[in-house]
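The values are calculated or read from the model by the stated rules, or taken from the named source; none is laboratory data. Note that this is a predicted model, so its numbers are computed, not measured. Here Cβ is always computed from backbone atoms with ideal geometry, including for glycine, and neighbour counts include all displayed protein chains. Calculation scope for accessible area: heavy atoms of the full protein, side chains included, ligands and nucleic acids excluded. Shrake-Rupley method; radii C 1.70, N 1.55, O 1.52, S 1.80 Å.
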Amino acid sequence: MKQIEHYFATGGESFKPEPEKKAGEMIAEELKAMREELVALREENQEIKIHLEIQENFNKA
């Protein structure tokens with residue numbers, strides 16, 4: 001159906017479907033995104049720890 005719709009909508013241009021991503025590629029992309037998010041969360045956690053130590057030192061003083 002998509003090919004026919006495309007053919008009439010474009011005045012006869014042939015339809016060239018884009019290849020679908022394989023499951024492995026999709027999983028790899030999702031893992032990469034998750035790793036990047038994990039790195040960002042670790043950095044944020046480290047900053048929070050530093051601020052907590054500063055606050056604790058201030059409270060002791």
Per Stokes-Einstein, at 20 °C and 1.002 mPa s, what whole-number D in µm² s⁻¹ belongs to segment 18-61, with the Kirkwood radius over Cα pairs as the hydrodynamic radius? 162
Rounded to the nearest 10 Å², the accessible area of H6 at probe 1.4 Å: 50
Can you give the charge dipole size of the chain about its Cα centre, rounded to the nearest 20 debye, using +1 on the beta carbon of Lys and Arg and -1 on the beta carbon of Asp and Glu? 120
Tell me the carbon and sulfur percent of the accessible area for the chain, rounded to whole percent, probe radius 1.4 Å. 57
